[in-house]
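Student: Supplied in structure tokens, the structure appears directly below.
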Amino acid sequence: MSEIRSVAVAGASGTLGPYVLKALIEAKFQVRVLTRSKKPGQYDASVDVVEVDFASVESLTAALEGIDAVVSTVTMAAIPTQTVLIDAAAAAGVQRFIPSEYGSVTTNPKLEVFPGYESFFKIKHHLQAKTHAGKLTWTVLACGGFLEYLFAEAIVLDFAGRKVTLLDQGDNRLSATSLATIGKAIAGILKSPEATKNRVVKVSEAIVTQNQLLRLAEALRPEDKWEISKVAASALLKEGLDAISAGDFSLPAMFKIIKSTGLAGDTYGAAYDENDNELLGVEVLAEEDIKNMVAEALG
Ligand SMILES: NC(=O)c1ccc[n+]([C@@H]2O[C@H](COP(=O)([O-])OP(=O)(O)OC[C@H]3O[C@@H](n4cnc5c(N)ncnc54)[C@H](OP(=O)(O)O)[C@@H]3O)[C@@H](O)[C@H]2O)c1
């Protein structure tokens, strides 16, 4: 494969996008941002920003002229629409496409039929069809949960409210990676195009359990009383699936599915004991680093 020099990023203004942009610039790629609307002063003056219509192959193909790779970090709701961006990338002669996904159990085939997961598979199949037709290559980056979300949101533990609902016994293992490291891993993929082509690449900066985080929190603040409850991951999953079957497509219903699959440990392969950390230069965090994050989350 020829060297990748120029990279277009879609969704650069969101949560993950700025970290990806920074890592690509630091790795000396020529970067172009594709956005729905330009906002003055949003990016450094040296960044080439192009306004595009994400529903138009023509608009996107023109914007991708001269681009070697596309990294998409578009929002979850826009994931199905990436087929248009992929078609445009193929038409423009882009070599590598990294779709927006960045999940924990999103690549497990057992989840293909589940609401909330099917669009990731649809995109992967679309990419595989393009590869089959000799148009482009792809890489899916599985990074586990966003490490920051484990502490900032009341997903795994509610640190602010000192509350936790343990899934199963609380020992289910989950990989997680910080936003900055995900950005660096993406730059690493594009620096090693041959070793990363047409496959799921996994990185894992930490593997945590709810009990581990709870024990760290209790050791740091022994005077605090935690409200602890338990639910079987399979029961929570059934609740979510039943709600969706009954026509409830609300966020809480979807969230039950995401939480009960992501925090089901080995059932859906949420802990990446085998990974591509070494290839992409990702180092595993020490227990002390996790302890510091818990301390910060406790306020
Ligand atoms: N593993 C995890 O724990 C975890 C957590 C959260 C998210 N994720 C995944 O990470 C990826 C990025 O999520 P994020 O939270 O960073 O996204 P986000 O902040 O919600 O949005 C990213 C960007 O998407 C663009 N966008 C919005 N609507 C669009 C549309 N209709 N068409 C095209 N672009 C659109 C916007 O950029 P412009 O305004 O510049 O166009 C926006 O800033 C997603 O795949 C998500 O599933 C994973």
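The values are calculated or read from the model by the stated rules, or taken from the named source; none is laboratory data. Nothing here was measured: the structure is a model prediction, and the numbers come from that model. Virtual Cβ from ideal backbone geometry, glycine too; neighbours counted across all protein chains shown.
Yes or no, residue by residue, for (1) buried (at least 22 other Cβ atoms within 10 Å of the Cβ); (2) under 19 Å from the mean Cα position of the chain (by Cα); (3) at pLDDT below 95; (4) assigned by TED's automatic domain parsing to the domain that holds Thr75:
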| site | (1), (2), (3), (4) |
| --- | --- |
| Ile123 | yes, yes, no, yes |
| His126 | no, yes, no, yes |
| His132 | no, no, no, yes |
| Asp168 | no, no, no, no |
| Ile182 | yes, yes, no, yes |
| Glu194 | no, no, no, yes |
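Student: Tell me, which strands (runs of 3 or more DSSP E) lie completely within segment 1-81 with 1 or more residues that are closer than 19 Å to His126 by Cα and within 14 Å of the ligand (Cβ to nearest atom)?
Tutor: 6-10, 69-72
Student: Additional query: I'd like to verify a number: residues in segment 39-61 that are surrounded by 14 or more Cβ atoms within 10 Å (Cβ to Cβ) and within 16 Å of Gln82 (Cα to Cα), how many?
Tutor: 6
Student: Something else now. Inspect all residues belonging to segment 156-166 and state whether any of them is touching a Leu at 6+ places or on another chain (Cβ under 6 Å) and aromatic (Phe, Trp, Tyr).
Tutor: Yes, segment 156-166 contains at least one residue that is touching a Leu at 6+ places or on another chain (Cβ under 6 Å) and aromatic (Phe, Trp, Tyr).
Student: May I pose another question? Quickly run through segment 97-121 and pick out the residues that are more than 12 Å from the ligand (Cβ to nearest atom) and crowded, with 23+ Cβ neighbours inside 10 Å.
Tutor: Listed by number, the list holds a single entry, Phe97.
Student: Now for a separate question. Looking at segment 126-153, I want the residues that are in contact (Cβ under 8 Å) with a residue 60 or more places away in the chain and have a partner that is basic (Lys, Arg) and more than 16 Å from the ligand (Cβ to nearest atom) with Cβ atoms under 6 Å, at least 6 apart or on another chain. Which pairs are those?
Tutor: Thr137/Arg96; Thr137/Lys197
Student: Select from segment 134-160 the residues that are closer than 20 Å to Glu3 by Cα and more than 13 Å from the chain's Cα centre (by Cα) and write down the one among them that is farthest from the ligand (Cβ to nearest atom).
Tutor: As a first pass, look at segment 134-160 and keep what is closer than 20 Å to Glu3 by Cα: 134-141.
When the remaining residues are screened for being more than 13 Å from the chain's Cα centre (by Cα), the result is 134-138.
Numbers: Gly134: 27, Lys135: 21, Leu136: 19, Thr137: 20, Trp138: 15 Å.
Going through the qualifying residues, I end up with Gly134.
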